[in-house]
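Written out below as structure tokens is the structure these notes cover.
All of the numbers you see were taken from the coordinates with simple rules; none came from a lab. Please read these numbers as outputs of a predicted model, since none were measured by experiment. Ideal geometry is used to build each Cβ from the backbone, glycine not excepted, and the neighbour counts take in all protein chains shown.
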Amino acid sequence: GRSIILDVDTGTDDAVAIMFAALHPEIELLAVTTVNGNVPLADTTDNTLRVLDWIERPEIPVFAGLSRPIARSGFPGARHFDRDSGNDPHGSALPIPPPRGTAQDVGAVEYLVETLRSTTEPLTLVPVGPLSNIATVLTIDPSLTEAVEEVVVMGGGHATTNVTASAEFNIWADPEAANVVFSAGFRRLTLVPLDATHRALVTRSACRVLEGLATPAGIAAARFIGRRIDAYGASAAGEEAAPVHDVLCTAYLVRPDVITTRHLALTVETASPLTIGRTVMDTRPGSTATRNAHVAFDADAALLIELLTQVFGTDA
Ligand code: BDR
Ligand code: CA
């Protein structure tokens, strides 16, 4: 199996990814690091603790990271939804009880630097929020990429965007951090953008199957995804559905065939006000640009649902 560290801005889809990674027998979830993103750092940290308590994995440590982008005082603009407009797929607090425990005293960056410096096995980093923590680690010590066998990033968009006409939220929220990560020279960087996550929509009936598992994870997944469907109002197979972006990254770890990737040059806009945070993916067949990322453009929705049902169905 894989030893991984999840970096999250828990939110409803981050929560599903945390449960998947914590419960899947082929994944060793060493720790979860939190970052400012969907909601402020205090809330992403609190939500992460709630999820681990809910699935009875309080021994998995949580480390709080950056509360803002690395090179800006805040986001480069207004976000695509506001809390009280009803189209918020997250909400400040997850609809499960408050946590019993607390985050570790050590911060996420210190934890990541120490762990990457001392690990005797190659690790997989899975950032599914803004890349502020990961970028800060690399700025402290660029050689730490050598301890990472693969970084799997949820973020970006080519034909599909969300927070602006140009960009996807995770990358837009801290574009300078994304630039550091994309240009760091990781052995393998896999990007799961909106183009892929929107091809793996989860429907109301799939939520009913998850709820029917009658396990803590199945019940919570159904609740979190149901909230997303209420906010998104997307549709698949003639019924309401929503993307559950972040869990596609953890599903990929155990079944790489859940996505289809292309090896290409990936960069990010960090200057233009109009296109700030846009992931620029060089899809030209003859491009001679350095191919630094394996980018997913397709996903297998049925396989994702099968994996969720398997891992949330066993009261491990
Ligand atoms: C990303 O932003 C958040 O809304 C989700 O948690 C996901 O990581 C999608 O753009
Ligand atoms: Ca996220």
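Quick look at the numbers
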{"quantity": "FRET E, pair ALA302, ALA271, Förster distance 41 Å, beta-carbon r, rounded to 0.05", "calculated": "0.50"}
{"quantity": "Label point distance in nm, SER67-ALA165, each placed 7 Å from Cα along Cα→Cβ", "calculated": "3.6"}
{"quantity": "MRE, 222 nm, helices only [DSSP H, n ≥ 4, -39500 (n - 2.57), over the chain, to nearest 500]", "calculated": "-10000 deg cm²/dmol"}
{"quantity": "Highest-MSF residue in the chain out of ASP13, ASP282, ASP43 [GNM, Cα springs under 10 Å]", "calculated": "ASP282"}
{"quantity": "Nonlocal amide H pairs with VAL280, under 5 Å, H built at 1.01 Å", "calculated": "THR267, VAL268, GLU269"}
{"quantity": "Equivalent ellipsoid semi-axes - Cα gyration tensor, region 84-143, angstrom", "calculated": "30, 16, 11"}
{"quantity": "Cα gyration tensor, the chain - rounded (a/c under 1.5), prolate or oblate", "calculated": "rounded"}
{"quantity": "Computed E for THR283/ALA234 - FRET, C-beta separation, R0 22 angstrom, nearest 0.05", "calculated": "0.35"}
{"quantity": "Inter-site label distance for SER3 and ALA42 at 7 Å from Cα along Cβ, in nm", "calculated": "3.5"}
{"quantity": "Calculated from backbone phi, Karplus (6.51, -1.76, 1.60) coupling profile of region 278-289 in Hz, x at Gly/Pro", "calculated": "6, 7, 9, 10, 7, 8, 5, x, x, 4, 9, 5"}
{"quantity": "Rounded, prolate or oblate (a/c below 1.5 giving rounded, otherwise prolate when a/b exceeds b/c) for region 1-134 by Cα gyration tensor", "calculated": "oblate"}
{"quantity": "Chain lengthening between ARG187 and HIS263 when straightened (0.36 nm per residue, less Cα-Cα)", "calculated": "26.1 nm"}
{"quantity": "Packing-based exposure ordering (other Cβ within 10 Å, fewest first) of ILE225, ILE276", "calculated": "ILE276, ILE225"}
{"quantity": "Cα gyration tensor shape for region 120-159, rounded if a/c is under 1.5, else prolate or oblate", "calculated": "oblate"}
{"quantity": "Pairwise Cα inverse-distance average, inverted: Kirkwood Rh of region 104-214 (Å)", "calculated": "15.6"}
{"quantity": "Lys/Arg +1, Asp/Glu -1 at C-beta; the chain dipole; positive extreme among VAL268, THR33, PRO69", "calculated": "VAL268"}
{"quantity": "Cα pair distances in region 197-314, grouped into 10 Å bins until the bin that holds the longest one, percent each", "calculated": "13, 35, 29, 18, 6, 0"}
{"quantity": "GNM top mover of PHE224, PHE169, PHE75 - the chain, alpha-carbon springs below 10 Å", "calculated": "PHE75"}
{"quantity": "The chain - charge dipole about Cα centre, Lys and Arg +1 at Cβ, Asp and Glu -1, debye rounded to 20", "calculated": "520"}
